[in-house]
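The values are calculated or read from the model by the stated rules, or taken from the named source; none is laboratory data. Worth saying up front: this structure is predicted, and the values here are computed from it rather than measured. Every residue, glycine as well, gets a Cβ built from its backbone with ideal geometry; the counts of neighbours run over all protein chains shown. All accessible areas refer to the heavy atoms of the entire protein, side chains included, with ligands and DNA or RNA removed. Shrake-Rupley method; radii C 1.70, N 1.55, O 1.52, S 1.80 Å.
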Amino acid sequence: MDTKILIIGLLAFSLVLFGCAKGGTASTPGGATSGIQGAGEQAGAPSTSGEVGAEGNGGAAEPVAGGEEPQAGAGAETQTGAGNGSEQDIGGLFNIDTVQPESGSGYEVPAAGE
Amino acid sequence: MKGLILAMLLLAASFAWVNPGQAKLLQAEYEYVACNGQFAHDFVAMRENCGLVHDAPVMDSSEYLDDIDGALADAQEAIDEENGVEYGAAMWTAKTEMLALTLATVGDTFRNKSVAFHTCVSEGTEPLKVELEECRASAFETGKEGAHEYLAAEMEQGRAEVAELEAMGADTAGMGGILAYGDGLDADIDTAFDSHDTAEVTKIYQKNNRLILLFRLEKMISIMDFTEPIIEAGNNGNKEELLEKIADLRGDTSELADECAYSPEVGAGYALKNGECWSDAFALMARFNSLQSLYWAGR
């Protein structure tokens, strides 16, 4: 594999992990992705801080420069809450935890001889 | 290049949130099973002593006890490593080994034993049972604390997820409704653990299990409702496919949420229903998570 691609990949991975740790939820990788793309594709995209329009989030959101997808919920911020002006791609929201909770299996173990 | 980043993203997404209260919850279960393990040791020793006193041949239980000890050691290791899967496997092994020892002991009871031997075992068992119940009582106390902490962490996480989506402008009413049920569950914990009845404790787990499932389904619905108009107004390359999949998944998710509606009363078949609900939900969750790659592929 090309070394350059590997380095860029690892850098992207680190940013994603950083995003997860900062947000503390399973649904934050999208936030990190915004950071990755913000350095490239979305550079210069207008800030969309503000209230979500009554006519709908899509309508309220401003399109990213270059004809990109409108951002999720104007002013949306999944890392630290709304208000700092950073944007959130909705793609990162499609991420649900698939790990089942504890089942209490220990209490199913009987005592031999009881 | 795009594919590599996508792969990294999906890999990162696989790191699920781990409840900080999990270790204590599992430790309490471990303590309960350790009580049972100690009882098995004491019972075997007492029974062997009765055999010596009354000149009755008693089976060799050392292998069974070694296997039980091994399972307990594996469980403790899994707790230390926060490995829920390994923990579950160790508990399954402990359960089967306990049952195996019980069956072997029952079989041995009918092999050349005198009335005096049976009387000795019967009388010797009573004080051991008292010790067992005392030990279990302590474990239930730990379990009660652990359950409160586990649920509190879960609720905190849930509220954070609600707040996150609300800040974006999503409708989180469904998620909020499940959190309200969570508050009710917290109020049931003390009664269940104080009863020292594993059936009652298990009901708490089963209800929690259902609530987590429903919370995730409601979260998926909330996100789909929120993102659908955004995607519709945008120009994602996979827009049509995304919208079609979201519409299908939205309907299926809502249907499953209705089918698996929460009930604070746990009757027969509740656990089985949980299993069916999770089985169906896993398929929906996989479809939901696959939307992410489809979304990014269209960017």
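In the stretch B:199-251, taking the dipole from charged Cβ atoms about the Cα centre, the farthest positive-side position among B:Thr202, B:Thr227, B:Gly251 is held by B:Thr202.
Rounded to whole numbers, the Karplus 3J(HN,Hα) couplings from phi for the stretch A:92-107 are x, 6, 7, 8, 10, 5, 10, 8, 6, x, 4, 10, x, 4, x, 6 Hz, using 6.51 cos²θ - 1.76 cosθ + 1.60 with θ = phi - 60°, and x at Gly and Pro. The heavy atoms of B:His54 present about 70 square angstrom of accessible area, all protein chains included, probe 1.4 Å.
The listed residues B:Phe226, B:Phe282 rank as B:Phe282, B:Phe226 when sorted by accessible area, largest first, using a 1.4 Å probe.
If you keep only loop residues by DSSP, which chymotrypsin sites (Phe, Trp or Tyr not before Pro) in the stretch B:76-183 have at most 14 other Cβ atoms within 10 Å of their Cβ? When the chymotrypsin sites (Phe, Trp or Tyr not before Pro) of the stretch B:76-183 are filtered for loop state and at most 14 Cβ neighbours within 10 Å, B:Phe110 remain.
At full extension, B:Glu232 and B:Glu134 could sit 29.0 nm farther apart than now, given 0.36 nm per residue minus the alpha carbon distance. Rounded to the nearest 20 debye, the dipole magnitude of the stretch B:229-285 is 180 debye, with +1 charges on Lys and Arg beta carbons, -1 on Asp and Glu beta carbons, and the Cα centre as origin.
Fully extending the segment from B:Asp258 to B:Asn83, taken as 0.36 nm per residue of separation minus the present Cα-Cα distance, adds 59.8 nm. The B-A contact accounts for roughly 6000 square angstrom of buried accessible surface, both chains included, probe 1.4 angstrom. The three principal axes of the C-alpha atoms in the stretch B:52-110 carry coordinate ranges of 48, 18, 12 Å, sorted with the longest axis first.
Sparse packing (at most 16 other Cβ atoms within 10 Å of the Cβ) combined with a DSSP loop state is found for the following trypsin sites (Lys or Arg not before Pro) in the stretch B:46-133: B:Arg111.
Its Cα gyration tensor gives the stretch B:26-124 an equivalent ellipsoid. The semi-axes, each the square root of 5 times an eigenvalue, are 31, 12, 9 Å from largest down. Residue by residue along B:166-174, Cβ atoms of other protein chains within 10 Å of the local Cβ number 5 on average. Using a probe of 1.4 Å, the accessible surface attributed to B:Asp194 totals some 80 Å² when neighbouring protein chains are kept in position. When you filter the GluC sites (Glu not before Pro) in the stretch B:212-299 for DSSP loop state and at most 16 other Cβ atoms inside 10 Å of their Cβ, you are left with B:Glu265. Pairs from the table (B:Lys95/B:Lys203; B:Lys24/B:Lys144; B:Lys24/B:Lys273; B:Lys219/B:Lys245; B:Lys144/B:Lys207) lying more than 21 angstrom apart at Cα are B:Lys24/B:Lys273. Ranking of B:Thr198, B:Thr227, A:Thr98 by solvent-accessible surface, largest first: A:Thr98, B:Thr198, B:Thr227 (1.4 Å probe, protein heavy atoms only, all chains present). Average accessible surface for the stretch B:27-111: 49 Å² per residue, computed with a 1.4 Å probe over protein heavy atoms with every protein chain in place. Rounded to the nearest angstrom and listed largest first, the equivalent-ellipsoid semi-axes of chain B from its Cα gyration tensor are 51, 20, 16.
Membrane-span-like helices in chain B, defined purely by DSSP H runs whose alpha carbon atoms cover 15 Å or more axially and whose average Kyte-Doolittle hydropathy reaches 0.0, are B:2-13, B:84-109, B:173-194, B:198-233, B:270-297.
Summarising the amide proton neighbourhood of B:Trp17: residues at separation of 5 or more, or on other chains, whose placed amide H is nearer than 5 Å comprise A:Ala26. Put B:Ile212, B:Ile189 in order of accessible area, highest first, and with a 1.4 Å probe you get B:Ile212, B:Ile189.
Here the contact order of chain B, divided by its residue count and restricted to Cα pairs under 8 Å and six or more residues apart, works out to 18 percent. Taking the protein heavy atoms of the stretch B:211-299 in the context of the full set of protein chains, the accessible area attributed to carbon and sulfur is 49 percent at 1.4 Å. Mean partner shielding of peptide B:224-231, defined as the number of other chain Cβ atoms within 10 Å of each residue Cβ, is 6.
Straightening the chain between B:Ala16 and B:Glu200 buys 63.4 nm, computed as 0.36 nm per residue apart minus the Cα-Cα spacing. Average 1/r across all pairs of distinct alpha carbons in the stretch B:153-202, invert it, and you get the Kirkwood radius: 12.4 Å. Charge dipole (Cα centre; +1 on Lys/Arg Cβ, -1 on Asp/Glu Cβ; no other charges) of chain B amounts to roughly 780 debye. Placing dummy labels 7 Å off each Cα toward the beta-carbon, the span from B:Lys239 to B:Asp186 is 4.5 nm.
May I ask you to give the percent of accessible area on the stretch B:63-124 that is carbon plus sulfur, with a probe radius of 1.4 Å? The C+S portion of the solvent-accessible surface of the stretch B:63-124 is 55 percent.
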